[in-house]
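For reference, the structure is listed below as structure tokens.
Throughout, read-outs are computed from the coordinates displayed, never taken from laboratory work. As the structure is a prediction and not an experimental result, all values here were calculated from the model. For neighbour counting, all protein chains shown are included, and Cβ atoms are generated from backbone atoms with ideal geometry for every residue, glycine included.
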């Protein structure tokens, strides 16, 4: 027997949950198929648990700086097992909450592995489901690195690290992404020795160059080592640990580690049955439709980098609407990129380089955190708010922040770019004092040559 | 001899500094007259020093909650003298910085008491200055309360409290404003006994009612006492302290205190020489012009409640532009109100009550912090993001937040209202996950009946 729905969503992560709920709200009957964890990778293995760790890093820093802030005898030792236990509790609370949410929103949850079985059909563990539209939100899978020795025990991904729940004494992290730096800072604050091996030239390469450069220079005061233009030549087991040979700017050096953590992920297409409908990947048009009518794809499964859960849920909403007749485009230019580093980084719209490449007559403005009373109060004065605009009409093209609360503030810029705000609009928005956010207005004024608080 | 300028600004606080710098940027010669402290009340006696105290309160809470967050042995005792010393250092750093800033921006600083001396003339300690336009940014003065005994030693204002630099064992704070609650929470966290005597029915009465009610209910778990509909009947010195008789909802009760702190301020008009130009107050039109041509007024001196420094600096910028020929209106409907309480409160635009009174067909939406992963991670789940809109066209009228980082997030709403965003614009803005800010979009979706994460 085949059950009929208007929409079947495969994958119960941020993209799938949003798509399913939105579908029901628009009057459709919706079935949501999830194989493992309600809430998906974000809730169970990434955003939520990892942000608990990075928030803990902030707590460690708060206590560390407390002696300068009126607490002469502040002390706190992090107990990683207690923290990882709290993480497990939070995650299971939210995962149960997600299951409760989708039921409260009248989505029909189906536990099992969803697989396309020809046009309009999905098979889940032997049962068959049918729908006018199928939205694939199957997420991504870990990509184990390819260097010799990468198959060794001790080479783990970040989910395995979270599961182990221990701080390795010596860790090599592969890559310079937001999560690589966040994880490095956390392990460093917990007393671990950390090295980042980054293939590219900088860190946070999805952000404006200046943000990565500034963060890298801030990290010099930590005990973390960052190697750029760096590859792993080989890895071997040694009685002292995992011996990694790194090529760093064409020179080779060997180091010992207890764990090598890799963070690369790619769309999880295996076992989805794409071949039964004639698809080989989940590339979509702007409206998130795949090449096969009636099949939509959203979230990490689509492969738009960087993978971010708020991008996934925004896609989910749009795909559900389009599956039911709308023609809304998903514009990833107005999706913020965030790093829960210390200080936080956040970015939306075009970087200075991208704006130059796109042929704009570019103007930039900046407000240094050194001039911000709130940054001074927070004890974090080495950041910046940078604004990228276009000279002639004053169009706001991008905003890039390295500062406390950056992840909370960047939404102002996301809304501004969405609303096609000008630099003048941002310059004249009244923002509360004393906050980090008020620097947004002064950075915009700086781009217009009338910064009030920033100096030349 | 009389010195000539295009603009003379009286008062070197946030309003005056912004006005003076903006004037120079537009090509004017500008003289800025300040009697006491460069940076004004905000920098020297209010925003900056008090936010250091409230941020310290956050640090205390961080340490207090640390035992639940993976730090089994967290401990920190606040040393108020060390904190007040840090406050003095920060303030003198910023005050010097302000003086440096205005000189770097080519404003001519004059130290002394500025007084109008007829049309287009200002006298400063015997010297005479002349200008085409005068911008008065003279700030506000403390208003000592009027109850019998209010003249007693121990009845102090918040500047005197900051100067004393001690935590009184028993404090009575007059009023339920943002600063009253902030100060109460700080003293409470430092181990002081605190009572708030509030004449009105709620607290945070410049905010949406729901925000004040929720904060009040959160405060029930502190040891602070809040009396509403409360007046001071009399105060007398006793060998055990200051004995205050309070009328609380028509019943009288007596309590002992060491300090009574009052927080009311009104425009500082005395000694300004308003009578020499025929003015009795500094009421202005929307363009910030007083009734006398060529005289503009900005900041606290204008008497628009609540006094906030970001409102003052926004007025300063506009007054300078208008003094030089522009015709820009100052719209205080798009100025955010903020409270650095714990959790923080922030508000912009119309409250639900104001929108009803203005005759709108009101629709509201909410996102509870109980459903926010970041609020859970921060350990602060009893707040809310509330959105007020208009039904027919979906106009966004107001946003009201009680949550961590509210003061940093409210700018998104301030920009949205400035740009005449609709509920749909806010609902569809992609905001980063996991943050408190993302609740803005879900609250807007709730107002449109399609909340994804909030339940009915």
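Some points to look at:
- For the Cα trace of the protein assembly as shown, dividing Rg by the Kirkwood Rh returns an Rg/Rh value of 0.99.
- For region A:42-187, the alpha-carbon coordinates run over 66, 47, 23 Å along the three principal axes, in decreasing order.
- Averaging 1/r across all pairs of distinct Cα atoms in region A:349-399 and inverting the result yields a Kirkwood radius of 11.8 Å.
- Distant alpha-carbon pairs in region B:343-447 (separation over 22 angstrom), percent: 21 percent
- For residue A:253, label point 7 Å along C-beta direction: distances to other copies, nm: 6.8
- Using R0 = 22 Å, the C-beta based FRET efficiency linking residue B:92 and residue B:305 works out to 0.15.
- Scattering from region A:179-228 was approximated by placing one identical point on each alpha carbon and applying the Debye formula without solvent; log10 I(q)/I(0) at 0.15, 0.17, 0.24 1/Å stands at -0.36, -0.46, -0.90.
- You can think of it this way: the chain between residue A:264 and residue A:73 has 64.6 nm of extra reach, that is 0.36 nm per residue less the Cα-Cα gap.
- Evaluated at q = 0.08, 0.19 Å⁻¹, the base-10 log of the normalised Debye intensity for region A:216-371, with identical point scatterers placed on the Cα atoms, takes the values -0.43, -1.19.
- Projection of the Cα convex hull of region A:367-421, averaged over all directions and equal to a quarter of that hull's surface, yields 3.9 nm².
- Relative compactness, region A:189-306, computed as alpha-carbon Rg over 2.2 N^0.38 Å: 1.48
- The listed peptides A:348-360, B:164-176, A:396-408, ordered by packing as a protection proxy, come out as A:396-408, B:164-176, A:348-360 (highest mean of other Cβ atoms within 10 Å first).
- Region B:15-92 and region A:195-234 have their alpha-carbon centroids 33 Å apart.
- Label spacing, shortest first and in nm, from residue A:276 to its equivalents in the remaining copies (7 angstrom along Cα→Cβ): 9.0
- Using a 7 Å Cα-to-Cβ projection, residue A:106 label spacings across copies, nm, ascending: 6.6
- Cut-off 11 Å, label 7 Å out along Cα→Cβ of residue B:164, residues of region B:24-56 by amide N: none
- Euclidean distance of C-alpha centroids, region A:93-121 and region B:110-160, integer Å: 66 Å
- Distance (nanometres) between label positions extended 7 Å along Cα→Cβ at residue A:328 and residue B:275: 6.5 nm
- Separation of alpha-carbon centers, region A:380-456 and region B:243-317, rounded to whole Å: 31 Å
- Shielding by partners - mean other protein chain Cβ count within 10 Å, residues of B:72-81: 6
- DSSP-defined antiparallel bridges as percent of all bridges, region B:155-263, nearest 5: 50 percent
- 13 Å reach of a label modelled at residue B:128, 7 Å along Cα-to-Cβ, counting backbone N of region B:1-18: B:1-4
- Bridges between two residues of the protein assembly as shown, per DSSP, are antiparallel at a rate of about 60%.
- Percent of beta bridges antiparallel (DSSP, region B:1-156, rounded to nearest 5): 30 percent
- The convex hull of the Cα atoms of region A:1-71, projected and averaged over all directions, covers 7.0 nm².
- Debye intensity ratio in log₁₀ form over the Cα atoms of chain A, taken at each q of 0.07, 0.11, 0.12 Å⁻¹: -0.40, -0.98, -1.13
- Size descriptors for region A:7-116: radius of gyration and Dmax over Cα atoms are 19.2, 62 Å.
- Model label sites at residue A:256 and residue B:221, defined 7 Å from Cα along the beta-carbon direction, differ in position by 4.8 nm.
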